[in-house]
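Take a look at the structure below.
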Amino acid sequence: MTAADTPVSRLPTAEGLTSAEAARRLAQYGPNQIRPVRQRAILLQFLLHFRNPLVLVLLAASGITALTGDSTGALIIGLIVMMSVTLDFVQEYRAGKAAEALASQVAVTATVLRDGHAVEVPVRALVPGDVVLLAAGDLVPADAQVLEAKDFFVNQAQLTGEPYPVEKHAAAAASPDGWSPEADGLVFMGSSVVSGSARVRVGRTGSHTALGQIADSLTLTPPPTAFERGTRHFGMLIMRLTLLLVLFTLMVNVAFHRPLLESFLFAVALAVGLTPELLPMVVSVTLARGALRMAALKVIVKRLSSIQDMGAMDVLCTDKTGTLTEARIRLERHVDALGRDSRRVLELAYLNSYFESGLRSPLDDAILQHTEIDIAGWSKIDEVPFDFERRRVSVLVERAGTRLLAVKGAPEDILELCTHYEDAQGAAVLLDDAARLNIDALFAALGNEGFRVLGIAWRPATAEQDRAVVTDETELVFAGFAAFLDPPKASAREALAALQASGVAVKIVTGDNERVTRHVCTELGVAIRGVLTGTEIQAMSERRCGCAPRTPTCSAASPRRRKTASCWRSRRAAMWWVISATASTTPPPCTRRTWASRRTARWTWPSRPPP
């Protein structure tokens, strides 16, 4: 029975395992780590560099030269080939080892109950049945069942694509078939704990976890690059020409009744002369020099051929969040119900975020960046914490004997609770149907500009009110909207313009809202012809997909990504991916399969097709 087959209900109690039992299970189930990519033996890796047809031609020429008695020429050709292949192999091998060394420097541990005591153990030593203690800032080390939880919120965007934290509760044991990210009482490897604490029991480890199963599906051998295909085709051309010329020379000499041995030696000499012996060496040295220059910029080049591919690319697929944008939410606008900038809205939002004691979102952090708001004299009385059903948080505050309830949350929900709104003079005016339509139009306009919007409202409270409850969130006065945006990087516009001037078609890959993407593209000066979803491109025929670079197409899931990439490769497009891993809202490439199957992902790109 594997770890994946062990029902959580059959695992030990919440007291954890003994050291002896943990050691036995570690031997049974194996280490808790994602199965690494199988590495070939070093000798085999070295020999694979001889697959280049040009190298094979040179080796054949060297062998024939040796057979004809010219050992010096054969030795020179052989040395040149060996130096070229060795240089290429050594660079790739050292780069791989450097990447492994960087990864090994990150030693991740988990707090586990062993023999009744909380101890720190390496994550790779976890086994099914271990009881792990989690707190804010921890990474979930394995798929596990929640036994105890207190205000426990986790971010599992790497599996679901949802950027917002999800609250988890203690729940009944799950069956092996019940491991779903939507489960209320289960947490999964790679998720991060946003707030609260919990005690969880490990149910699945290593490759049996949800993240491990995704990683296992992506262990395919990478296809050859455009440069490798080009050199292989060139080598095949040289091989064919050499063979044809040798045969032609032999036939002509035989037709003229020349001595066969002399004719053969002449054909071999001709073949050796036609073969560019120094070409592999020149290519390897040139690419190695480029790798050294990039190493000085702290860039590890694992495959020398990728340097030439980068220079020859005509399609660049880039992430949006963290690559073209700063991956940092910023409060851009705070407007009243009439659409005018309002310091009153900013002040109410700041009071709410400042005194909120529960889960803080990146939007709260953006609001609190406005330190120009003076909260001197304000004090907190009580609050109604945020939850994902109400989608709002309320804080009861007081200054100079005056109390009010500041409410912040989803605009739709806030507006439903409002009966009045503030006019230009700050007076509370009845929120009639006409005013509600105008506010809805303002909300839609902000959304069309790509803003993420919060509704801000308030209501007066009596001096005797010292508790805030959910029922207080009624008959509110609508103050306005707080509009947020992940702003484009200052250097992104110049970089995109340079790429397009160089004939590189830029494809912007994103799982974000289409309106947000359009706004960012507008800010960066990128013209958009259209947008298609990942579902639509998956339904395309291979022929239609092959026209993808000339039409508005989109996708971000791994299967769809491979489908589109294979279509572009069939058009001899040199395609590059630039993926950001700056935030959990942008899942790493190896996890986009599940992510995009739940969220509608989009690719947006300029109107200019690749050459």
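Values quoted throughout were computed directly from the atomic coordinates according to the rules given, and no laboratory measurement underlies them. A quick note: this is a predicted structure, and the numbers were derived from the prediction, not measured. Don't worry about glycine lacking a Cβ; one is built from the backbone with ideal geometry, like all the others, and counts go over all protein chains shown.
Assorted remarks:
- Counted by Cβ distance under 14 Å from P385, the other residues give a net charge of -2, where Lys and Arg count +1 and Asp and Glu count -1.
- Förster-model FRET efficiency, 22 Å R0, R94 and L56, C-beta, rounded to 0.05: 0.30
- Most tightly packed first, judged by the mean number of other beta-carbon atoms within 10 Å of their residues, the peptides 391-404, 313-326, 228-241, 422-435 read 313-326, 391-404, 228-241, 422-435.
- Amide proton proximity set for T318, modelled H, under 5 Å, gap of 5+: K507, I508, V509, V578
- Prolate/oblate/rounded call for the stretch 377-439, Cα gyration tensor, a/c under 1.5 rounded: oblate
- The alpha carbons of the stretch 335-476 occupy a box of 37, 31, 31 Å along the principal axes, longest dimension given first.
- A dipole drawn for the stretch 335-476 from +1 and -1 charges on Cβ atoms has a positive end, and of A410, L351, A463 the residue lying farthest that way is L351.
- Magnitude of the charge dipole for the stretch 402-529, about its Cα centre and with charges confined to Cβ atoms of Lys, Arg (+1) and Asp, Glu (-1), is about 780 debye.
- Residues whose amide H comes within less than 5 Å of that of I381, counting only those at least five positions distant or on another chain, are L396, V397, E398 (H built at 1.01 Å from N in the peptide plane).
- Under 5 Å, built H, 5+ apart or other chain: amide partners of R330: L485, D486
- Other residues within the sphere of radius under 10 Å centred on the Cβ of R303, judged by their own Cβ, net out at -3 (K and R +1, D and E -1).
- Sorted peptide list for 197-204, 249-256, 298-305, 48-55, criterion being average Cβ within 10 angstrom, highest first: 197-204, 48-55, 298-305, 249-256
- Here the dipole of the stretch 335-476 is about 220 debye; that uses its Cα centre as origin and unit charges on the Cβ of Lys and Arg (positive) and Asp and Glu (negative).
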